[in-house]
Amino acid sequence: MYISEAAERSGTTVKTIRHYEAIGLLAPAQRKGNYRLYDLQSVERLRFIKCAKALGFRLRELQEIFAPHRGKTIPWAVARQAIEDKKREISEQLATLSRQHAQLVAFELTLEDAEEDCPLQNL
């Protein structure tokens, strides 16, 4: 299939596909004259990349997944490990944000106490 059909089937754009080829996320397409030809494995990889990006993966992280695996198939074992790593990273971020939220609540309460105890309030 041509690049426009691959873009449509994967939910990406022609520009995105060209960019992914340029940075090594997608193997260079075979050519028929000046036209790029894509197969279903390329579309599957594009869908995977799109989904992974929507779930918080950065292109650099995806390059690390795909770089050692230049073929068109998705290295599922490597992808699973990357997903586990991303879940752990998000869990750590959630814990940090939860602590910050609790600290903000406590800080807010001290401000309310300080405001109530302020002698200028009674004037």
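Would you point out the residue of region 40-64, among those that are crowded, with 19+ Cβ neighbours inside 10 Å and among the small types (Gly, Ala, Ser), that is nearest to ILE17 (Cα to Cα)?
The selected residue is SER42.
How many residues are of a type in the set (Lys, Arg) and either in contact with a Lys or Arg (Cβ under 7 Å, 6 or more places away or on another chain) or in contact (Cβ under 8 Å) with a residue 40 or more places away in the chain (or both) if we restrict to region 40-66?
The qualifying residues number 2.
Restricting the search to region 1-28, which residues are at pLDDT below 90 and over 20 Å from ALA82 (Cβ atoms)?
Answer for region 1-28, where residues must be at pLDDT below 90 and over 20 Å from ALA82 (Cβ atoms): just PRO28.
Do we have any residue at all in region 17-39 that's assigned to a helix (DSSP H, G or I), touching a residue at least 24 places away in the same chain (Cβ under 8 Å) and surrounded by fewer than 14 Cβ atoms within 10 Å (Cβ to Cβ)?
For region 17-39, residues assigned to a helix (DSSP H, G or I), touching a residue at least 24 places away in the same chain (Cβ under 8 Å) and surrounded by fewer than 14 Cβ atoms within 10 Å (Cβ to Cβ): absent.
Could you grab me the full set of residues in region 54-108 that are farther than 20 Å from GLY24 by Cα, among the aliphatic types (A, V, I, L, M) and over 17 Å from the mean Cα position of the chain (by Cα)?
Selection gives ALA95, LEU97, ALA102, LEU104, VAL105, ALA106.
For region 82-101, which positions are farther than 16 Å from ILE65 by Cα and acidic (Asp, Glu)?
Matches in region 82-101: GLU89, GLU92.
Among the residues in region 91-114, are any modelled with pLDDT of 95 or more, of a type in the set (D, E, K, R) and out of contact with any Ser or Thr (no Cβ under 6 Å at 6 or more places or on another chain)?
Looking through region 91-114, at least one residue is modelled with pLDDT of 95 or more, of a type in the set (D, E, K, R) and out of contact with any Ser or Thr (no Cβ under 6 Å at 6 or more places or on another chain).
The values are calculated or read from the model by the stated rules, or taken from the named source; none is laboratory data. Everything numeric here is computed off the predicted structure, so don't read it as measured data. Positions of Cβ are generated from backbone atoms using ideal geometry, with glycine treated the same way; all protein chains shown enter the neighbour counts.
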